[in-house]
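Engineer: So that we are looking at the same thing, I have put the structure below in structure tokens.
The values are calculated or read from the model by the stated rules, or taken from the named source; none is laboratory data. As the structure is a computational prediction, the values presented were derived from the model and not from experiment. Cβ placement follows ideal geometry from the backbone for every residue including glycine, while neighbour counts extend to all protein chains displayed. Quick note on the areas: whole protein, heavy atoms, side chains included, nothing else; ligands and nucleic acids left out. Shrake-Rupley method; radii C 1.70, N 1.55, O 1.52, S 1.80 Å.
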Amino acid sequence: MSKLGNLGARLHRGEISYDFVGKRKIWYGISILITITAIVGLAVRGLNMGIEFKGGAVFTTPTHMSTSVTQAENYAKDASGHEAIVQKLGNGSLRIQIAGIDTGQSDTIKQELAKDLNLNPEKLAADLVGPSWGQQIANKAWEGLGIFMVLVVIYLAIAFEWRMAVAALVALIHDITITTGIYALVGFEVTPGTVIGLLTILGYSLYDTVVVFDSLKEQTKDITKQTRFTYSDIANLSINGTLVRSINTTVVALLPVAGLLFIGGGFLGAGTLNDISLSLFVGLAAGAYSSIFIATPLVADLKEREPAMKALTKRVLAKRAQAAAEEDLAADRAAGTGDSEDAAPAVVGPRNQAAPRNRGRGRPSGKRR
């Protein structure tokens, strides 16, 4: 068995463990700091919404263009008066995206671009996107996200309990906030692919959380009938028991996404992959983090507010304190016994023992005559 497999087996059996739940205030602090950073990024920079959401025009040049991306951006800005996004496609053509223009402006811009690029206007393909269509996509995306959240809460409340549903919802909001904040800070364009990636990682994050919740549900059956573990103890055992599994699935999922983001979008320059790959990469990592460090510790916090769990915690702590006191007393007795044996004098026999009388001394034995 490999070292990682052996570690996973020992974690599952409870032979070793890391106190995730006991250090939950640290994880809460880290998450709050990251979330605040993401919110500040959203408030200051905002999201770079794609043309599908804002409306505009996309111009595509023929293949094997000698014009550089920087030159094309300058040409598009001069022709339209708006910032443009230019991408060089694999066949050598240029994709020029200009947001915030209407149909009447697009014809004029097309003529100017064709002149600057030394092209026949007929060879410069133009696709128009109306702002109303983009607004409709955005509204549908928000509606879908809201329906998804409601269904998740209902399902978890039925399958587990409402505290787990609340914890899972908090973890999902945590993942969405961090992912959208990263988009704002990095400045990547938000496209329908981004929305698809975001919904995908929410499903993955929920799956990872449910795995831990299922283990926690099984191990907390009849928990009040014992005095060995508190609810937090069992929650911590559940996290440790599924830890290696969560790490393995997360790493396997992140590897191809990292290939899309860093190699495809970064090294090879396929910028169209960035919109979906960044949301998947950040969301998968945030989802794995929230399922371990946020969702389960939050369930333990909510659960231990119950009177039954408070009483159980008192009994467990009292039993542990009694056991510790007995161990200390036994250790003191062992130390005291060793000292008395060294200091006590040897006793030869009973004290003040009188010599036995010999009443028949000097008399002959036998009958009197």
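Engineer: When the residues of segment 182-194 are narrowed to those that are open to solvent by 40 Å² or more (accessible area, probe 1.4 Å) and farther than 16 Å from V257 by Cβ, which ends up modelled with the lowest pLDDT?
Structural biologist: P192
Engineer: Still on this structure, I have one more. Could you list, in sequence order, all residues of segment 205-244 that are open to solvent by 20 Å² or more (accessible area, probe 1.4 Å) and closer than 21 Å to A157 by Cβ?
Structural biologist: L206, Y207, V210, V211, D214, S215, K217, E218, Q219, T220, K221
Conditions tested, residue by residue: (1) closer than 30 Å to V299 by Cβ; (2) open to solvent by 70 Å² or more (accessible area, probe 1.4 Å); (3) in contact with an Asp or Glu (Cβ under 7 Å, 6 or more places away or on another chain); (4) assigned to a helix (DSSP H, G or I).
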{"residue": "Q87", "(1), (2), (3), (4)": "no, no, no, no"}
{"residue": "I109", "(1), (2), (3), (4)": "no, no, no, yes"}
{"residue": "E122", "(1), (2), (3), (4)": "no, yes, no, yes"}
{"residue": "M164", "(1), (2), (3), (4)": "yes, no, no, yes"}
{"residue": "D175", "(1), (2), (3), (4)": "yes, no, no, yes"}
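Engineer: Which of (1) touching an Asp or Glu at 6+ places or on another chain (Cβ under 9 Å); (2) farther than 30 Å from S232 by Cβ; (3) aliphatic (A, V, I, L, M); (4) surrounded by 18 or more Cβ atoms within 10 Å (Cβ to Cβ) is the odd one out, the single condition A126 does not satisfy?
Structural biologist: The number of the failed condition is (4).
Engineer: Condition first: part of a helix (DSSP H, G or I), of a type in the set (K, R) and either exposed (fewer than 10 other Cβ atoms within 10 Å of the Cβ) or modelled with pLDDT of 85 or more (or both). Can you find one or more residues in segment 338-358 that meet it?
Structural biologist: Among the residues of segment 338-358, not one is part of a helix (DSSP H, G or I), of a type in the set (K, R) and either exposed (fewer than 10 other Cβ atoms within 10 Å of the Cβ) or modelled with pLDDT of 85 or more (or both), which makes the answer no.
Engineer: Quick check, is I32 open to solvent by 60 Å² or more (accessible area, probe 1.4 Å) and either without any contact (Cβ under 8 Å) to a residue 60 or more places away in the chain or out of contact with any Ser or Thr (no Cβ under 8 Å at 6 or more places or on another chain) (or both)? I'd like the intermediate steps shown before the answer.
Structural biologist: Details: open to solvent by 60 Å² or more (accessible area, probe 1.4 Å): yes; either without any contact (Cβ under 8 Å) to a residue 60 or more places away in the chain or out of contact with any Ser or Thr (no Cβ under 8 Å at 6 or more places or on another chain) (or both): yes.
Yes: the conditions hold for I32.
Engineer: Moving on. Given the criteria open to solvent by less than 60 Å² (accessible area, probe 1.4 Å), part of a helix (DSSP H, G or I) and at pLDDT 80 or above, does I154 qualify?
Structural biologist: Criteria not met by I154.
Engineer: State all residues of segment 41-63 that are in contact with a Gly (Cβ under 8 Å, 6 or more places away or on another chain), exposed (fewer than 15 other Cβ atoms within 10 Å of the Cβ), at pLDDT 80 or above and not charged (D, E, K, R); if no residue qualifies, say none.
Structural biologist: Within segment 41-63, no residue meets the criteria.
Engineer: If I filter segment 89-107 down to residues being surrounded by 12 or more Cβ atoms within 10 Å (Cβ to Cβ) and of a type in the set (S, T, Y), which single residue comes out as farthest from the chain's Cα centre (by Cα)?
Structural biologist: Only one residue tops the list, namely S106.
Engineer: Among the residues of segment 64-71, is there at least one that is open to solvent by 50 Å² or more (accessible area, probe 1.4 Å), under 14 Å from L124 (Cα atoms) and in a loop (DSSP other than H, G, I, E, B)?
Structural biologist: Yes, some residue in segment 64-71 is open to solvent by 50 Å² or more (accessible area, probe 1.4 Å), under 14 Å from L124 (Cα atoms) and in a loop (DSSP other than H, G, I, E, B).
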